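See structure below.
The values are calculated or read from the model by the stated rules, or taken from the named source; none is laboratory data. Treat the numbers as computed from the prediction; the structure is a model and nothing was measured. Cβ: placed from backbone, ideal geometry, glycine included. Neighbour counts: every protein chain shown.
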Amino acid sequence: MHKLPIIARRPISSLWIFSLVLVSTFAGEVAIMLLLPYLPAWSKTALLQGLLDASILTLVMAPAIWWLVVKPLRRLLESRAQLLHSLFRAQEQERSRIARDLHDEIGQQLTAMLVGLATIESARDLCSAQKLAQNLRKVGATAHDEVRRLASGLRPGVLEELGLVAAIERLCEDFQKLHGVVVQLKVPETDFGKHSLAVEASLYRILQESLTNVARHAQASSVDVALTRKGNLVTLSIADDGRGMKGSADAQLSNERRKQGLDSIRERAEMLHGECLIDTATQGGVLIQVTVHTMG
């Protein structure tokens, strides 16, 4: 397997940093107290000893504070700035997708309905008008279903009503019917439990983005989806048997677009302080594995 460098790591614990600062301060003070007896006699006045103590402690602690406090804080600020940028980019991409879907699907169907209504106005007999009306009714029903699909994509109500497992089952079932790709789903047989909306919605979106990538770019015939829980760890894995990230020059544009989707998956995992591993086999297929921590 060839491993792509797309791994989200958990941040360093603030308690761990605080403990290291305390230990470093204690060790520095002990070292200073051990050195004081070896100073020249003229420097053993209370004032000079205080100044030397403070100066040496400052010299000892400055690098420790830089490495243990300042650098992690800078990394945290940079990481949050990147996440804000990623969120903004994801919002713009989502808006573009919705606009494209509205134009391509709903727009075309509304146009067909307008043309049909104009044809009904000029119909010569009632029988022709009734047939046209029946066709328009079918077009309207299709548009209605498309609007429901778009609304479900924006806010999956099944997630709130039935929970994560049922939402994933329905998503996989709809994907298989729509794209003709066989989905092998493995979910816990026992009660999976209820988790925070942030965790469940993120896992749902990750699966949704992964399946979208498969449909658009992978040229796969089957997908394996697995949801597991071990203690406070929930893992979602998606593996397809498509062409992977390798391919001819004609496939490079598709691969670049697929990588954008993978970036979105990685960013969602980072927002939950989770881990995202993406592997691609040399002969084809991509494995996406996301592990997040829950509150039990």
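Summary table
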read-out	value
Any hit, the stretch 178-199, residues being buried (at least 17 other Cβ atoms within 10 Å of the Cβ) and over 22 Å from the mean Cα position of the chain (by Cα)	yes
Selected residue (criterion: farthest from Gly261 (Cα to Cα)) from residues of the stretch 72-129 that are among the acidic types (Asp, Glu) and within 23 Å of the chain's Cα centre (by Cα)	Glu78
Residue ranges of helices (runs of 4 or more DSSP H) in the stretch 39-145 with at least 1 members among the charged types (D, E, K, R) and in contact (Cβ under 8 Å) with a residue 40 or more places away in the chain	71-101
Residues satisfying the stated conditions in the stretch 99-131, i.e. within 30 Å of Arg266 (Cβ to Cβ) and either in contact with a Leu (Cβ under 7 Å, 6 or more places away or on another chain) or not assigned by TED's automatic domain parsing to the domain that holds Arg149 (or both)	Asp101
Pairs where the first residue, in the stretch 262-275, is assigned by TED's automatic domain parsing to the domain that holds Leu83 and surrounded by 20 or more Cβ atoms within 10 Å (Cβ to Cβ) and the second is modelled with pLDDT of 85 or more and of a type in the set (Val, Ile, Thr), C-beta under 6 Å, 6+ apart	none
Close pairs (6 angstrom Cβ cut-off, 6 or more residues apart or separate chains): under 17 Å from Gln289 (Cα atoms) in the stretch 180-197, surrounded by 12 or more Cβ atoms within 10 Å (Cβ to Cβ) and of a type in the set (S, T, N, Q) anywhere	Val183/Gln176
So Val147, is it of a type in the set (A, V, I, L, M, F, W, C), surrounded by 13 or more Cβ atoms within 10 Å (Cβ to Cβ) and either in contact with a Leu (Cβ under 8 Å, 6 or more places away or on another chain) or not assigned by TED's automatic domain parsing to the domain that holds Thr235 (or both)	yes
